[in-house]
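Before any comments, here is the structure.
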Amino acid sequence: MTKSFDLIVVGAGSGGLAAAKRAAAHGAKVAIIEGDRVGGTCVIRGCVPKKLLLYGSLYKEYIANAESFGVKFKDAYIDSSILLSNVRKEVDRLNSIHINLLHKSGVELINGWAHFINAHSLIVESNCDNKRFREVKGERILIAVGGYATRPSITGSELGWVSDDIFLQNKLPKKMVVLGAGYIACEFSCILNSLGVSVTQYVRGHSLLRGFDMDLSKVLEENMQVNGINLNFQQSIISIKGNIGNLNIKSNLGEESITGAVLFAIGRKPRINDLKLFNSGVISKEGRIIVDEGYQTNIPHIYAVGDVTNLVNLTPVAIDEGRVLADNIFSNSSRKVNYKLIAKAIFSQPEVSTIGLTEDQAVADYGQDNIQIYKSKFNSMATALPKRGSPCLLKLIVETSSQKVIGCHMVGEHASEIIQMAAIAIGMGATKYDFDKTMALHPTIAEEFVTMR
């Protein structure tokens, strides 16, 4: 017997969960279909386990600095096998919490992989051994299946890891190669390096973090190199041979080297290949689902949010899109997601955070003569006693005529926490005068944002 719902959500990741629970709160009859664990990329194999690894990796610096603060350690080291095991246990716990939250919200969880059979119906292949099939029908359907990490088209690419694979390891090799220049590549290079892995990062272009402010990129690059990460710019890998633990890699310059593992961090693509979209009539282009500003596809009752649309691939964006969609459909609201002001953080070492326009973007939008740049680079008090550590960089970009702060950027301790508060001010249209008249909290890093001249 085919069961019908007001809304069927395909994919129990950040966007799908947000939409399903919000729709159910408005009184809709909702089902969510998931063939993997509940939580999506962020909870299961992305932001959450990565941040937990980051916290563990920070102890390398804590231990190194401990003696200058009078703390004595003897034979202290980080056992990555214990850390990885504990991270997996925490992910399992969070998976259970998300399942319970769906139950409490009144959302029916259907375990299995779904594909369309027509514009209103899907077949779900159960994960059970007998591979049972179930048909479900939705008045409305939301596609929120997210994306997957890609591999380069090179000889031996199957021998490399993607970010998902890191969390499945029982221990880390002594040497690793990371391929990529984006935030995932930089974050893992820093984490692995601090966990005692010798890291070489191959960057195809001239710099790290394309799309971020270049001042931030340069400071991060300098600090990664100071911390022992070998950055190879304008280089890539063209082949991998051997076995995990003993891989021979060859670069585009013809150089060969031996490493324990290779991590590909070169981007992600929407996971739409198995949905059989052709049965629904939904149009995709260049591997992503096309939607309008209301997340509606070309089929009026079918929607898509999150990474599957390949608009802005960030967890908070997917969550906001899911909630906005559910509110607009089931409570007759007309909310919109504000894509112009999205705070971003890179959990590298040191952290990088940003909100608003980069300097290059501001010049392009307003002209060089119509913006003012304020910068402060310094060593925080945390480095005073150890006599070592990464410098901080804080930067404000101001539109001259209105004096509005249109960009706020930072490299340094707690950058992600600080930028969240700055995002509120900038979202409210704060001017440089508003920053200037705010009393500084001393001694802090964040006070530099209100004392720049």
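The values are calculated or read from the model by the stated rules, or taken from the named source; none is laboratory data. These numbers come from a predicted model, not from an experiment. So basically every Cβ, Gly included, is an ideal-geometry build from the backbone, and we count neighbours across all protein chains shown. When the accessible area is computed, the model is the full protein with side chains, heavy atoms only, and any ligands, DNA or RNA have been set aside. Shrake-Rupley method; radii C 1.70, N 1.55, O 1.52, S 1.80 Å.
Cut-off under 14 Å on the C-alpha distance; same-chain residues fewer than 8 positions from residue 336 excluded. Which aspartates and glutamates are left, in chain and number order?
292, 293, 320, 321, 327
Can you say what percent of the DSSP beta bridges in the range 151-304, counting only those with both residues inside, are antiparallel? Round to 5. Display every interim value, and only then the final one.
Numbers: 13 of 29 bridges.
Percent antiparallel among DSSP bridges in the range 151-304 is about 45.
Tell me the mean residue ellipticity at 222 nm calculated for the chain from its helices only (DSSP H runs of n ≥ 4, each -39500 (n - 2.57), averaged over every residue, nearest 500).
-9000 deg cm²/dmol, from helical runs alone.
What's the FRET efficiency of residue 103 with residue 402 using the Cβ-Cβ distance as r and R₀ = 56 Å, to the nearest 0.05?
The pair residue 103/residue 402 has a calculated efficiency of 0.65.
Please give the helix 214-226 orientation as an angle from the longest Cα principal axis of the chain, in degrees from 0 to 90, rounded to the nearest 10.
Helix 214-226 sits roughly 70 degrees off the main axis of the chain.
Pull out the extension gain between residue 246 and residue 198, defined as 0.36 nm times the separation in residues minus the alpha carbon to alpha carbon distance; nm, one decimal.
Details: separation 48, 0.36 × 48 = 17.28 nm, distance 1.41 nm.
My answer for the length gained is 15.9 nm.
Across the range 336-389, how large is the tail of the calculated P(r) beyond 17 Å, expressed as a percent of all Cα pairs?
Across the range 336-389, Cα pairs with separations above 17 Å total 61 percent.
Per residue, how big is the convex hull around the C-alpha atoms of the range 119-215? Give it to me in cubic angstrom, could you? Please list the in-between numbers first.
Values: hull volume 19.9 nm³, N = 97.
Dividing the Cα hull volume of the range 119-215 by its residue count gives 205 Å³.
Students often get this wrong, so check it: of 50/74; 51/104; 29/89; 175/250; 175/218; 375/437, which have C-alpha atoms separated by over 21 Å?
50/74; 51/104; 29/89; 175/218
Report the antiparallel proportion of the DSSP beta bridges in the range 26-134 as a percent, rounded to a multiple of 5. Don't jump to the answer; show the numbers that get you there.
Details: 6 of 10 bridges.
For the range 26-134, the DSSP antiparallel bridge percentage is about 60.
Using a 1.4 Å probe on the protein heavy atoms, what percent of the accessible area of the range 1-101 belongs to carbon and sulfur?
Here it works out to 55 percent.
Separation between the residue 373 and residue 225 pseudo-spin-labels, each 7 Å from Cα along Cα→Cβ, expressed in nm?
So the two model labels end up 1.9 nm from each other.
Please give me, ordered by residue number, the GluC sites (Glu not before Pro) of the range 115-213 that lie in loop per DSSP and have at most 11 other Cβ atoms within 10 Å.
Here no loop site has a sparse enough neighbourhood.
Can you tell me the length gained on complete extension of the stretch residue 363 to residue 269, counting 0.36 nm per residue apart and subtracting the Cα distance?
Details: separation 94, 0.36 × 94 = 33.84 nm, distance 3.09 nm.
Result for the pair: 30.8 nm of gain on full extension.
Two decimals is fine: what is log10 I(q)/I(0) at q = 0.13 Å⁻¹ for the range 332-453, from a Debye sum with one equal scatterer on every Cα and no solvent?
Treating every Cα as an identical point scatterer, log10 I(q)/I(0) equals -0.53.
At 10 °C and 1.306 mPa s, what whole-number value in µm²/s does Stokes-Einstein give for the translational diffusion of the range 183-255, with Rh from the Kirkwood sum over Cα pairs?
120 µm²/s
Would any residue of the range 292-320 have its amide N under 17 Å from a label point 7 Å out along Cα→Cβ of residue 331? List them or say none.
So the set is 319-320.
Using only the heavy atoms of the protein chains and a 1.4 Å probe, how would 213, 365, 434 rank by accessible area, largest first?
Most to least solvent-accessible, the answer reads 365, 434, 213.
May I ask you to rank 305, 363 by accessible area, largest first, using a 1.4 Å probe over the protein chains only?
363, 305
On full extension of the chain, what length is gained from residue 340 through residue 133, given 0.36 nm per residue of separation minus the C-alpha to C-alpha distance?
In short, 70.2 nm is gained.
Name the residue from 84, 295, 205 whose Cα lies farthest towards the positive end of the charge dipole of the chain, charges +1 on Cβ of Lys and Arg and -1 on Cβ of Asp and Glu.
The listed residue farthest towards the positive side: 84.
May I ask you to list the chymotrypsin sites (Phe, Trp or Tyr not before Pro) in the range 2-90 that are in a DSSP loop and have at most 16 other Cβ atoms within 10 Å of their Cβ? Don't skip to the end; give the middle numbers.
Values: sites: 5, 55, 59, 62, 69, 73, 77; in loops: 73, 77.
Of the chymotrypsin sites (Phe, Trp or Tyr not before Pro), the ones in loops of the range 2-90 whose Cβ has at most 16 other Cβ atoms within 10 Å are 73, 77.
Stokes-Einstein at 10 °C, 1.306 mPa s, Kirkwood radius from Cα pairs: D for the range 401-453 in µm² s⁻¹?
For the chosen part, D equals 138 µm²/s.
Quote the relative contact order of the chain in percent (integer), defining contacts as alpha-carbon pairs under 8 Å separated by 6+ residues.
16 percent.
Based on alpha-carbon centroids, what's the gap between the range 264-326 and the range 225-250 in Å, whole number please?
One Cα centre to the other: 34 Å.
Normalise the Debye intensity by I(0) for the range 144-190, one equal point scatterer per Cα, no solvent, then take log10 at q = 0.24, 0.25, 0.26, 0.32 Å⁻¹ and round to two decimals.
-1.14, -1.21, -1.27, -1.42
Which FRET efficiency, nearest 0.05, do residue 1 and residue 85 yield, Cβ-Cβ r, R0 51 Å? If you can, show how the numbers build up before the last one.
Working: r = 44 Å, r/R0 = 0.85.
Working from the Cβ atoms, E equals 0.70.
Can you give me the accessible area per residue for the range 330-404, using a 1.4 Å probe, in Å²?
Values: 4090 Å² over 75 residues.
Dividing the accessible area of the range 330-404 by its residue count gives 55 Å².
Taking Cα atoms of the range 149-304, Rg/Rh with Kirkwood Rh, to two decimals?
Values: Rg = 18.6 Å, Rh = 17.4 Å.
Radius of gyration over Kirkwood radius for the range 149-304 works out to 1.07.
What are the radius of gyration and Dmax of the range 174-219, computed over its Cα atoms and given in Å?
Cα radius of gyration and Dmax of the range 174-219 are 10.8, 33 Å respectively.
Rg/Rh for the range 1-65: what does it come to with C-alpha atoms and Rh from Kirkwood? Mind dumping the intermediate values first?
Details: Rg = 18.0 Å, Rh = 14.1 Å.
Rg/Rh for the range 1-65 comes to 1.28.
Name the trypsin sites (Lys or Arg not before Pro) in the range 1-77 that are in a loop by DSSP and that have at most 15 other C-beta atoms within 10 Å, would you?
Those that pass, being in a loop and sparsely packed, are 72, 74.
Can you give the convex hull volume of the alpha carbon atoms of the chain per residue, in Å³?
Hull volume over Cα atoms, normalised by residue count, gives 175 Å³.
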